[in-house]
Amino acid sequence: NAGVTQTPKFRILKIGQSMTLQCTQDMNHNYMYWYRQDPGMGLKLIYYSVGAGITDKGEVPNGYNVSRSTTEDFPLRLELAAPSQTSVYFCASSGGAEGNTIYFGEGSWLTVV
Amino acid sequence: GNSVTQMEGPVTLSEEAFLTINCTYTATGYPSLFWYVQYPGEGLQLLLKATKADDKGSNKGFEATYRKETTSFHLEKGSVQVSDSAVYFCALSDRGSSASKIIFGSGTRLSIRP
């Protein structure tokens with residue numbers, strides 16, 4: 001059971017660089033989410049999607065973009081990395097037979113220097 | 001809007017102590033309630049859940065009962081172990097008409113002394 005898979009697990013970016021965090025799920029879930037977790041803090045929703053072709057902003061969308069071209073994939077793009085984006089990023093999904101139970105990936109640790 | 005409030009940590013207990021982590025919620029409908037656990041360096045894992053009033057979720061010796069009258073979902077364990085040291089998040093999911101979004105509490109860090 002792969003579940004939710006995120007890559008890369010660790011990345012160091014320089015200020016102003018761009019990158020994409022990849023996320024894929026094999027549970028045929030309609031809903032997918034991106035959260036960030038700052039050190040010692042809770043989760044903040046960045047973007048979410050209710051299905052292929054549909055995305056919406058969460059609590060902290062500035063500086064990020066997403067796309068949902070397929071049910072399985074939900075990449076998160078950082079266009080101009082800033083130190084404030086240093087965080088741990090979690091992709092998650094929910095739906096199908098288990099309804100609103102959310103499943104998380106293992107996280108991507110991003111440092112912007 | 002919907003919200004989740006959980007007790008602030010850190011909570012430090014000795015092994016075999018009784019654990020309670022309080023969680024209360026505000027919701028307009030009939031949400032599902034969850035406890036997630038995050039071990040150091042890992043993602044969040046579902047610990048237990050309850051989908052309607054008076055349901056009791058249980059897993060790995062942890063329990064929580066969905067109390068609609070007190071809008072609470074407190075996490076309990078009778079005898080904690082060092083391996084229970086982690087951050088615990090209470091959450092609710094209120095499936096509205098447009099999306100299913102889960103709202104998380106701020107997390108409670110639990111440390112168990114041998």
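Please say if the range B:33-98 is rounded, prolate or oblate, where rounded means a/c under 1.5 for a ≥ b ≥ c the square roots of the C-alpha gyration tensor eigenvalues, and otherwise the choice is prolate for a/b larger than b/c and oblate otherwise? Verdict is oblate for the range B:33-98. Counting only residues at least eight positions apart within a chain, or on another chain, the aspartates and glutamates with an alpha carbon under 19 Å from that of B:Lys56 are A:Glu98, B:Glu69, B:Glu76, B:Asp94. Neighbour counts of C-beta atoms inside 10 Å place A:Met32, A:Met41 in the sequence A:Met41, A:Met32, starting with the fewest.
For chain B, just say rounded, prolate or oblate: build the C-alpha gyration tensor, square-root its eigenvalues into a ≥ b ≥ c, call rounded for a/c under 1.5, and beyond that prolate if a/b exceeds b/c, oblate if not. It is prolate, given that a/c is not under 1.5 and a/b is the larger ratio. Taking 0.36 nm per residue of separation and subtracting the Cα-Cα distance, full extension of the segment from B:Thr28 to B:Thr71 would add 14.4 nm.
All other residues whose Cβ lies under 15 angstrom from that of A:Leu13 are scored, Lys and Arg at +1 and Asp and Glu at -1, for a net of +4. Between the range B:61-89 and the range A:42-112, the alpha-carbon centres lie 27 Å apart. Normalised by the number of residues in the range A:1-82, the mean separation of alpha-carbon contacts (under 8 Å, six or more apart) gives a relative contact order of 32 percent. Once you've got the Cα coordinates, tell me which of A:Lys44/B:Lys49; B:Lys49/B:Lys101; A:Lys57/B:Lys60; B:Lys77/B:Lys101 are over 26 Å apart. Violating the 26 Å Cα-Cα cut-off are A:Lys57/B:Lys60; B:Lys77/B:Lys101. Running Debye on the range A:28-113 with equal point scatterers at the Cα sites and no solvent, what base-10 log of I(q)/I(0) appears at q = 0.18 Å⁻¹? Results for the range A:28-113 at q = 0.18 Å⁻¹ read -0.75. What shape does the range B:1-55 have by the C-alpha gyration tensor, where a ≥ b ≥ c are the square roots of the eigenvalues, rounded means a/c under 1.5, and otherwise prolate means a/b greater than b/c and oblate the rest? Prolate. The calculated FRET efficiency for A:Thr7 paired with B:Lys56, based on their beta-carbon distance and R0 = 25 Å, is about 0.10. Extending 7 Å from Cα along the Cβ direction at A:Ile15 and again at A:Asn62 yields two label points whose distance is 1.7 nm.
Across the range A:43-113, C-alpha contacts under 8 Å between residues 6 or more apart give a mean separation that, scaled by the residue count, equals a relative contact order of 22 percent.
Neighbour counts of C-beta atoms inside 10 Å place B:His74, A:His29 in the sequence B:His74, A:His29, starting with the fewest.
Stokes-Einstein diffusion of the range B:24-69 at 20 °C, 1.002 mPa s viscosity, Kirkwood radius from Cα pairs, rounded to a whole number: 185 µm²/s. When all C-alpha to C-alpha distances in the protein assembly as shown are sorted into bins of 10 Å, what percent of pairs does each bin hold, rounded to whole numbers? Using 10 Å bins, I get a P(r) of 8, 33, 35, 20, 5, 0 for the protein assembly as shown. Output the relative contact order of chain B, whole-number percent, from Cα pairs under 8 angstrom with separation of 6+ residues. About 36 percent, as a whole number. Ordering of B:3-9, B:37-43 by packing is B:3-9, B:37-43, highest average first (other Cβ atoms within 10 Å, averaged per residue).
Residues whose amide H lies under 5 Å from that of A:Gly3, counting only those 5 or more places away or on a different chain, are A:Asp26; hydrogens are built 1.01 Å from N in the peptide plane.
Each reported figure results from applying straightforward, stated rules to the coordinates on display, with no laboratory input. What you see is a predicted model; the values in this text were computed from it and never measured. Methodologically, a virtual Cβ is constructed for each residue, glycine included, from the backbone with ideal geometry; neighbour enumeration extends over all protein chains shown.
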